[in-house]
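Take a look at the structure set out below.
The values are calculated or read from the model by the stated rules, or taken from the named source; none is laboratory data. A quick note: this is a predicted structure, and the numbers were derived from the prediction, not measured. Cβ placement follows ideal geometry from the backbone for every residue including glycine, while neighbour counts extend to all protein chains displayed.
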Amino acid sequence: MRHFLSLFDVSDDELKRIFELANQLKARLKSDVREPILQGKVAGLLFEKPSLRTRVSFEAGMAQLGGSSLFLGEDVGWGKREAPQDFSRVIGQYLDVIVCRAKSHEKVETLAKYASSVIINGLTDLCHPCQALADLMTIEEEFGTLAGKKLTFIGDGNNVSRSLALACAKTGMTFSIAAPKGYEIEPEFLARIEKHAPGAKIEQTSDPVEAVSGACAIYTDVWASMGQEAEQAKREADFADFQVNGKLMRAAEKGAIFLHCLPAKRGQEVTDEVMDCPTSRIVEQAGNRMHAQKGLLVWLLTEAVDKISVG
Ligand code: CP
Ligand code: NVA
């Protein structure tokens, strides 16, 4: 059994296979073909933070694949009503797969340690690997290839940008990030990427114009993530020069697309002009969350399982 807690959990070839499945399932759905590949499988969506895209895309994806899902919010008391090992061992008996969104990455690691279900990270403070799957799927759809392309992230060295840096490294893309001083991706995380994907092309600067040069995709995220509400005012001041606006988009490659994981704070990290410009792909990107995750679910639940012979 395999988990998907981060992109470190899959090899480059496995990642390619997930994209292949995602693209096939997307094409089939377009022709209204919905095969019950996951018939009888049950997903639990264990969330301790709000969500629109992750929750709805996983629930819809499971339904389209013939499986079912249950949303498990605060009331199940993850980490509150009982010890994590008791919670995890019990819930693992009911569910084939658990998609979890947690305040701390360690909490998800503990769940994976004790639960007998497949665990998918639906966002933690450390990373957001399902988001990166949809992001790269969107870039590949646009440009036909990933290797050799450059993606620039403007903003926080956070869960979204860490996963993007790793996803780019695994697919031969260049990743550049312009972050204010003190908000960069940690050197230890970059070293982990370099170890996992030797030769990774990652550039880190505090100059947005320098960062976007030669990029085919410009990406940003909120300046204060969920759980950082108390830092909102300080972050707004610190990130003031890191807005993605028309001027910055024009400094990128001609035809560069704009991406955002959403939800966005329009007028802060990105202007309305960019959100709604002809090369904005934010809607397609959010749509691809479902297709990419369907590829992931099928891979994890049918191809990545140990074949155990019974009888
Ligand atoms: N991008 C993303 O994960 O959106 P939600 O928080 O709405 O799930
Ligand atoms: N960095 C954001 C992403 C939301 C999808 C957060 O963690 O709140």
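Given the options Ser88, Ser104, Ser116, name the one that is within 22 Å of the chain's Cα centre (by Cα) and modelled with pLDDT of 95 or more.
Details: Ser88 fails: within 22 Å of the chain's Cα centre (by Cα); Ser116 fails: within 22 Å of the chain's Cα centre (by Cα).
Residue meeting the stated conditions: Ser104.
Being in contact with a helix residue (DSSP H, G or I) (Cβ under 9 Å, 6 or more places away or on another chain) and assigned to a loop (DSSP other than H, G, I, E, B) narrows it down to one of Ala264, Ala286, Ala240, so name that one. Even if it seems obvious, please write down each step before you answer.
On the way: Ala286 fails: assigned to a loop (DSSP other than H, G, I, E, B); Ala240 fails: in contact with a helix residue (DSSP H, G or I) (Cβ under 9 Å, 6 or more places away or on another chain).
None of the others qualify; the one that does is Ala264.
Restricted to region 20-42, and to residues that are among the acidic types (Asp, Glu) and in contact with a Gly (Cβ under 8 Å, 6 or more places away or on another chain), which residue is farthest from ligand 2 (Cβ to nearest atom)? Lay out the reasoning, then the answer.
Start the filter on region 20-42 by keeping residues that are among the acidic types (Asp, Glu), which leaves 20, 32, 35.
Among the residues that remain, those that are also in contact with a Gly (Cβ under 8 Å, 6 or more places away or on another chain) are: 20, 35.
Details: Glu20: 25, Glu35: 30 Å.
The qualifying residue farthest from ligand 2 (Cβ to nearest atom) is Glu35.
Would a scan of region 43-58 turn up a residue that is more than 16 Å from ligand 2 (Cβ to nearest atom) and charged (D, E, K, R)?
no
Looking at Ala224, Ala191, Ala167, which one is at pLDDT 95 or above, away from ligand 1 (no atom under 16 Å from the Cβ) and either small (Gly, Ala, Ser) or over 19 Å from His260 (Cβ atoms) (or both)?
Values: Ala224 fails: away from ligand 1 (no atom under 16 Å from the Cβ); Ala167 fails: away from ligand 1 (no atom under 16 Å from the Cβ).
Answer to the selection: Ala191.
So, in region 49-69, how many residues would count as being away from ligand 1 (no atom under 16 Å from the Cβ) and more than 28 Å from Asn23 (Cβ to Cβ)?
0
Test Ala197 against the criterion of being assigned by TED's automatic domain parsing to the domain that holds Cys168 and touching a Lys or Arg at 6+ places or on another chain (Cβ under 8 Å), and give yes or no.
Answer is yes for this residue.
Check Gly255, Gly227 and return the single one that is exposed (fewer than 14 other Cβ atoms within 10 Å of the Cβ) and closer than 30 Å to Arg28 by Cα.
So the residue among Gly255, Gly227 that is exposed (fewer than 14 other Cβ atoms within 10 Å of the Cβ) and closer than 30 Å to Arg28 by Cα is Gly255.
Within region 264-298, can you find the residues that are out of contact with any strand residue (DSSP E or B) (no Cβ under 8 Å at 6 or more places or on another chain) and surrounded by fewer than 18 Cβ atoms within 10 Å (Cβ to Cβ)?
Matches in region 264-298: Lys265, Arg266, Gly267, Glu273, Asp276, Pro278, Val283, Glu284, Gly287.
Which condition number does Asp272 fail, the rest of (1) out of contact with any Lys or Arg (no Cβ under 9 Å at 6 or more places or on another chain); (2) away from ligand 2 (no atom under 16 Å from the Cβ) being met?
If we test Asp272 against (1) out of contact with any Lys or Arg (no Cβ under 9 Å at 6 or more places or on another chain); (2) away from ligand 2 (no atom under 16 Å from the Cβ), just (1) comes out false.
Restrict the check to region 71-91 and report whether at least one residue is assigned to a loop (DSSP other than H, G, I, E, B), in contact with a Leu (Cβ under 7 Å, 6 or more places away or on another chain) and over 21 Å from Met226 (Cα atoms).
Filtering region 71-91 down to residues assigned to a loop (DSSP other than H, G, I, E, B) leaves 73, 77-83.
Keeping just the survivors that are in contact with a Leu (Cβ under 7 Å, 6 or more places away or on another chain) gives 78.
Narrowing further to those that are over 21 Å from Met226 (Cα atoms): none.
Looking for residues that are assigned to a loop (DSSP other than H, G, I, E, B), in contact with a Leu (Cβ under 7 Å, 6 or more places away or on another chain) and over 21 Å from Met226 (Cα atoms), one finds none in region 71-91, hence no.
Identify, please: which residue in region 172-207 is in contact (Cβ under 8 Å) with a residue 40 or more places away in the chain and touching a helix residue (DSSP H, G or I) at 6+ places or on another chain (Cβ under 6 Å) and is, among those, farthest from Gly148 (Cα to Cα)?
Pro180
Across region 17-33, what is the number of residues that are part of a helix (DSSP H, G or I) and exposed (fewer than 14 other Cβ atoms within 10 Å of the Cβ)?
Here is the first cut: in region 17-33, the residues part of a helix (DSSP H, G or I) are 17-30.
Now restrict to residues that are exposed (fewer than 14 other Cβ atoms within 10 Å of the Cβ): 20, 27, 30.
Count: 3.
Based on what the data block shows, is Lys113 more than 16 Å from ligand 1 (Cβ to nearest atom) and either part of a helix (DSSP H, G or I) or more than 28 Å from Arg17 (Cα to Cα) (or both)?
On the way: more than 16 Å from ligand 1 (Cβ to nearest atom): yes; either part of a helix (DSSP H, G or I) or more than 28 Å from Arg17 (Cα to Cα) (or both): yes.
Judged against the criteria, Lys113 is a match.
Six or more apart or on different chains, Cβ under 6 Å: which pairs go from a residue in region 123-149 that's farther than 13 Å from Leu5 by Cβ to one that's acidic (Asp, Glu) and assigned to a helix (DSSP H, G or I)? Could you list them?
Thr138/Glu284; Leu146/Glu140
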